C-alpha cells in the first residue's frame, strides 16, 4: 500500500465524506487518517457538512392512513369497472329520439388499434400507479429512518471533534491479535473525557448476530465493557465510544468479536489490543 501525505489525501476528503470512493481508496485514506489528526479533523468537518445538507430539504411524515386509502381507492376503481361491465342492457323508452349514430372505426384502423391497446394497458397502468404510490410512501418512511441515522452521525462527529480538540489528547496503536492482512487499529483519548475515538481498518466480517466490542483493561482486574464499534462493509470503523471509566484510570484497550447479547466478560476472539500503562 502506497504511503500518502496530506497533499494527496486532503483533496479526496470530500468524496470520502460522501462515500464516493472505492474500497481500495477508502482503505488508503483510513490508513493515513490513523496517523494524521489534521486530516481526520478535516474529514469530520466534511462529514458534518454532508449530513447537514440533507436537512436543507423539508421532511414530511406521510399520514398513517395513506396506505389504506390508496388500497381502498384501487379496490373501488376495480369494483366500478366490474359493475359497468355487468350492467344489464336497458331498452330506450319510446318517444326518446335515438342519438345520432357515431361512425364506427373500420376494422384494423388506427383508432380501433389504439382503442384496443388502451383497454389492455389501462388496468396495468392503474395497478402500476397504485404500486408507485405505495413505493413512494414506503420510500418516505425509509427517508425518515435515514434522517434519524444521520442525526446520530452528526452527534458522533461532534463528539469525535471534541475529543480531538482536548488538551492532552493521545493516540495509542492497537496490536493485531489475529492473523488478518493489514488489520490495524488506534484509539484516541483525552484525560477526563468519557468518550474515546476508535479507528480500525480491515476488521474481518463478524459472524451472524455478532459485533465488535470495546473493552477497557486494568492490570490485575477484569475487562470493563465499553461499547460496540460501528463498522462499515469494508471492515473500517471510525467512531466514538462512551467508556464507563476515565481512560486515565485504565491501563489498556481491547476489541473483541462478541455476541450481540454478550455478558460483562469477553467470551469471543480478541482481534486488537493495546496497553498504555
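A short reminder: the numbers here are calculations on the coordinates, not readings from a lab. From a predicted model like this one, the values you see are computed outputs, not experimental measurements. Counting neighbours? That spans all protein chains shown, and the Cβs are built from the backbone with ideal geometry, glycine included.
Here the gap between residue 162 and residue 265, fully extended at 0.36 nm per residue and compared with their Cα-Cα distance, gives a gain of 34.1 nm. The Stokes-Einstein estimate for segment 149-277, based on a Kirkwood radius over Cα pairs and taken at 37 °C with 0.692 mPa s viscosity, is a diffusion coefficient of 223 µm²/s.
Pairwise Cα separations in segment 187-231 fall into 10 Å bins from 0 onward with the following percentages, short to long: 21, 47, 28, 3. Placing pseudo-labels 7 Å out from each Cα toward the beta carbon at residue 4 and residue 194 gives an inter-label distance of 3.6 nm.
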